[in-house]
1. What shape does segment B:345-443 have by the C-alpha gyration tensor, where a ≥ b ≥ c are the square roots of the eigenvalues, rounded means a/c under 1.5, and otherwise prolate means a/b greater than b/c and oblate the rest?
2. Rounded to whole Å, give me the distance from the Cα center of segment A:60-119 to that of segment A:250-284.
3. Can you order the peptides A:307-319, B:445-457 by their average number of other Cβ atoms within 10 Å per residue, highest first?
4. Helix B:590-609 sits at what angle to the longest principal axis of chain B, using alpha carbons and giving 0 to 90 degrees rounded to 10?
5. What is the distance in Å between the Cα centroid of segment B:567-592 and that of segment B:78-142?
6. Compute the acute angle (0 to 90°) between the alpha-carbon long axis of helix B:154-168 and the principal axis of greatest extent of the alpha-carbon atoms of chain B; round to the nearest 10°.
7. Please say if chain B is rounded, prolate or oblate, where rounded means a/c under 1.5 for a ≥ b ≥ c the square roots of the C-alpha gyration tensor eigenvalues, and otherwise the choice is prolate for a/b larger than b/c and oblate otherwise?
8. With +1 on each Lys and Arg Cβ and -1 on each Asp and Glu Cβ, and nothing else charged, work out how big the dipole of chain B is about its Cα centre, in Debye to the nearest 20.
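Just so you know, all these numbers are worked out from the coordinates, no wet-lab data involved. The model shown is predicted, which means the values in this text are computed figures rather than measured ones. Neighbour counts run over all protein chains shown; Cβ positions are idealised from the backbone, glycine included.
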Amino acid sequence: MSLRRIATVEDLHQYLHVAMQLEHATIPPYLTALYSMHSTANQDAHRVIRVVAVEEMLHLTLAANLLNAVGGTPDLSRNDFVPVYPTRLPDGETDFEVGTRAFSPDTIKTFLKIERPAVADQGGSRFVSRDRSARTLMPTVNAHEDDLHFFSIGEFYAEIGEGLERLHHELGDDLFRGDPARQVGPAYYYSGGASVVEVTDAASAAAALRIISEQGEGLGGGIFDEEGELAHFYRFDQLLRGHYYQPGDEAGRPTGPALHVDWDAVYPLMPDSALDHYPEPGELQDAVTAFSRAYGDFLARLTEAFNGRPELLVPAVVDMFHIRDLASRIIRNPMPGRPGVNAAPVFRGLAPVGVA
Amino acid sequence: MPVPIDHATAARTEYDVLVVGSGVSGAIIARSLAERGLQVLVVEAGPGKELSVAEYDTHLTRFYGAAAKDNNSAYEVNPNAPMPRSPDVRGLAEGHPDSLSYLVQNGPYEMDSTYTRVLGGTTMHWEGKALRMLPEDFRMRTRFATGRDWPLTYDDLEPHYRQAERELGVSADVADQTFYGITFPPGYEFPMHGLPPSYLDTTLARDLDGTVVRLEATECTIQVRPTAQARNGIPNAAYDGGKGYVPVGAVSTHQIDQGERCQGNINCVPLCPVQAKYSARKTLSFGVRTGRVHILTQTVASQVHVGADGRISHVDYQAYGSTTSPEHVTGSLRATTYVLAANPVENARLLLASGLPSSSGLVGRNLMDHAYLLTWGLLPEIAGTMRGSQCTSGIEDLRSGDFRGRHAGIRVSIHNDGWSWATGAPYTDLIELVDDANAYGTALRRRVVDRISRQLMLSFMIEVPPEPSNRITVDGRYVDALGNLRPVLSYSLPDYTMDAVAASRRVSRQLFRRLGVEDRTFYDPRDPAFVSHQGEGYVLRGGNHWAGTHVMGTASHDSVVDSHQRSWDHQNLYLAGSGSMPSIGTSNTTLTLAALSFRTADHIVSELTTRPSVMLKG
């Protein structure tokens, strides 16, 4: 199924659900690349990817704030919330798939596509028609129009921005009917790049959207955003070009200090690791299952946090350490019967096991 | 370099202020002056190429790889600007100074305190406790007929404590920190909410709160309290009259933005892996952003020169290109005003090496540090040891009272890192279980957990009063790789302190009894830090809280600096840091010396801007 132009509050909820799915969908690929690096190698590259991953978590939180602000109910524990990798991105970009892969030049090229800057003309249609794909995780709605898709994440958010404006014009401040107590504020979330915005009105909604789109793709063509922060696309670009960008640089020509990448100091992780890659009962299967289960618990905790209990983001930090530790248990193990391939975590979010 | 500046350019520039040392004092003074329009040069003897996460992480990698995790293990060995390290301490043979390592120790007590010579100074390895001193600590002579009075009161310093709490980013709740005379202005809030007490803290509070301990005639009622800490927590929206506070994250120049809050990693000392803990690099980075702070690292201030008018005329430097070679170039730096902020040992060493013992003769004397008595044992239940930052709570109730006329005040910290400081846990536990107990597999894992998560260690931080005979000197026989005179330490612990050590051991036994703790404390007579007192032996550790070597006072004949930390002898020289403190009470010195730095910056600005020749550029 697909998305149509935002005409109703329900459409907006739909888009914001997809936004949360979209922001989350990038996190397992980024984390897999991070986990795959040998622990003492590639510190420059590790920091670059980590910053982006942390900011995607900020974007996820901002999308949840937006959804809560307009009366929606975030749910990260739905069965279809986590895509099956490889996947197309939920906003409907059709020309590439995203997987959970080890750190490599190809992986970074995919990351560049995820974060690529918008190219559609302002005012022109940002919708692209295409055939449905079985591999795209799209939410179920009644499509009023033909399938519409976006060339980039930035354009997807531009549509949300315009939809918000249209609905605000139509409904006035009644659009922001959500309970402000459901907002995640700076008390429970901060990262260095930008701070979380509590969304309670049109201005704060616009501010939240601006962070999401500019931090990612540098919408408007600049490599740095208004706060002087380097857009994600160019952060990844640095890894392939071997130099840091610095203020004044043009796209594609970073002139900052050298950035050293050792493409070989990486565990050869099973691409797009899935639970059925581990059919044999034993310690490896247990470890992979434990990871999936912990990831499911984590998403359930986030769902609760985004539904009026933002203080749960404090223990969620502990969950994230736990998830990392479980991943590091997996990645050093060769796959049985697959020489040269190591096991990798599966971000499936298995339901928690009930305790008798 | 944080700001591209070379020695030749710096030597040609007439700065408003030259600051020697990039630790917390120097950083605060530099930032504060630059924000008010003055041009500042900071010279740092130790290495540091840039204020970046990448550089910070090189320290972290070195620490992870180090076999001995002492508090300078994160920093490279650098003969050109050496620093004391606790494993250097060897045990003195009577009458023979220990001169093998940088700090020459004359004894009789051999100290294992350290400091860090690297960009950011000792805040790179400090633990982050941000304690105000008690009002009575400022009046030791008047109140307890011991030690020295400050030329300042708590109330004089209180506004600067608030500035320091903002700069360092202190997490605490006012209700928890209001005790024994400490007051805050009405409505005051700390920048961030107090960090949560550890499970270990709550376990101890459950059993200890309300216990009465007697020190001389003073009855002290124990209450386990959360500790004010300079590490990022949840920002307090009510801070600064409702303006809130934005925590300062990792310092970075390459768009590597990390705004971390404390995650409960247990290695605050020597280095917080996520920069949740304050370091002076944060302050320096704000200073650099003004465009008016230049920093030269690997630049050792070697000689302070005084002109015919009694004012400082210039400072000689030695700049070395590599920590592995003594090759260096020399030159001179000039400024209107000079600030020595190189820590109490290095400030005294540089002045004495420059032939400037001050007219009072007190430079290097009155050296203080806290003496630490560690006691440890096993709790009867699993208490989650090794979780949380190193210390999240303590006992403040032995710090204040009339007993201080007889013996020193005491502050107790509860250590979430178990026996780490005393025995090297958890590494030593693991080695013992594997090598001696032949444990492996599941049994090993279970025994590690059982043993480590029941560990309890208390540290008793004991005041040392100023004694002129405790001192830093220099001696032409002892020089470092660049030919600079090394510090020579003569130090003993007075009865005023040792009586409190004995009382601490007694209190520890009482608390352990209440807790049902199996006491495992053992003081090895072969330990270089073993001390006997009235028939009992103790091992006393240093606190790295050096102080007193350029003591502050009301007159030039019995003090080195005035209440603004300005030298009595040289009107354009300030000696900044805990070296100015006439007493250290039972507070870790950083917050107080940070407060003093703000006061000093104010004074420098008022002195310089009242001179018509200086134009403010702000």
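1. It is oblate, given that a/c is not under 1.5 and a/b is not larger than b/c.
2. Each part's Cα centre sits 18 Å from the other's.
3. By packing density, highest mean first, the sequence is B:445-457, A:307-319.
4. Its long axis makes an angle of about 10 degrees.
5. So the two Cα centres are separated by 16 Å.
6. 90 degrees
7. Rounded, because the longest to shortest axis ratio a/c is under 1.5.
8. 580 debye
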